[in-house]
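The block underneath contains the structure these notes are about, expressed in structure tokens.
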Amino acid sequence: MKVKEGDRAFTVIARERILRVLQTTAKVRSSLLLSPADVSLVDTEAIWDTGATNTAISETLAAKLNLKPVGRVDVKGANATATVDVFLIDIVLPNHVGFKNHRVTSAQLRSPVGLLIGMDIICRGDFVITNVKDNTVFSFRMPSSGPVVDFVKLIKKKLP
């Protein structure tokens, strides 16, 4: 899998395979610091989940960063509802777009994944997935900009 970065975008290319999980790296740190500039961002693996309303951090990474909860909230998963901690973190995506003081919930994620990117972040940009010739390519840019990707228009252009 190869990640190509642009000024405000990145593209993940999986050669000769269809990806069932969309994954990149990300950088995170606690937002609740007296001087955040003095604390380095920590690298982690991130999965992109269009079925998740909000972004979540693994319990393991939250403990490693010594995060302090700013509240608790009920979250609904596929099989259950749970009350979990809410944290404030800074996030930097592969396209170097950052989110300061971003609210995330605690989640049980499998190592080495420390972050689940949800629709609260995905919908702030343009997100495209293609699987041409059994090669998954997904791309994200932020902020959202043109041209708009419209497969119906592309198909109609090719019709006689």
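Which of (1) surrounded by 12 or more Cβ atoms within 10 Å (Cβ to Cβ); (2) not in a loop (DSSP other than H, G, I, E, B) is the odd one out, the single condition ARG124 does not satisfy? Only one criterion in (1) surrounded by 12 or more Cβ atoms within 10 Å (Cβ to Cβ); (2) not in a loop (DSSP other than H, G, I, E, B) is unmet by ARG124, namely (2).
Can you confirm whether VAL84 is surrounded by 13 or more Cβ atoms within 10 Å (Cβ to Cβ), out of contact with any Pro (no Cβ under 8 Å at 6 or more places or on another chain), without any contact (Cβ under 8 Å) to a residue 60 or more places away in the chain and of a type outside the set (Ser, Thr, Tyr)? Yes.
Scanning the stretch 94-125 for residues that are touching a residue at least 24 places away in the same chain (Cβ under 8 Å) and farther than 22 Å from PRO69 by Cβ yields PRO94, ASN95, HIS96, VAL97, PRO112, MET119, ILE122, GLY125.
Would you check if ASN66 is part of a loop (DSSP other than H, G, I, E, B) and at positive phi?
Details: part of a loop (DSSP other than H, G, I, E, B): yes; at positive phi: yes.
Considered against the rule, which asks whether it is part of a loop (DSSP other than H, G, I, E, B) and at positive phi, ASN66 comes out as yes.
Considering SER139, SER145, which residue is more than 17 Å from ASN54 (Cα to Cα), surrounded by fewer than 12 Cβ atoms within 10 Å (Cβ to Cβ) and hydroxyl-bearing (Ser, Thr, Tyr)?
SER145
Going by what's in this entry, would LYS64 be described as open to solvent by 50 Å² or more (accessible area, probe 1.4 Å), touching a residue at least 60 places away in the same chain (Cβ under 8 Å) and either more than 30 Å from GLY146 (Cα to Cα) or among the charged types (D, E, K, R) (or both)? For LYS64, the condition - open to solvent by 50 Å² or more (accessible area, probe 1.4 Å), touching a residue at least 60 places away in the same chain (Cβ under 8 Å) and either more than 30 Å from GLY146 (Cα to Cα) or among the charged types (D, E, K, R) (or both) - is not met.
Evaluate the stretch 43-55: report whether one residue or more is more than 25 Å from PHE138 (Cα to Cα) and at pLDDT 95 or above.
There is no residue in the stretch 43-55 that is more than 25 Å from PHE138 (Cα to Cα) and at pLDDT 95 or above.
The values are calculated or read from the model by the stated rules, or taken from the named source; none is laboratory data. Since we're looking at a predicted model, the values are computed, not measured. Glycine also receives a Cβ, built like all others from the backbone with ideal geometry; neighbour counts cover every protein chain displayed. Each accessible area value is taken on the protein alone, full model and side chains, heavy atoms only, with ligands, DNA and RNA left out. Shrake-Rupley method; radii C 1.70, N 1.55, O 1.52, S 1.80 Å.
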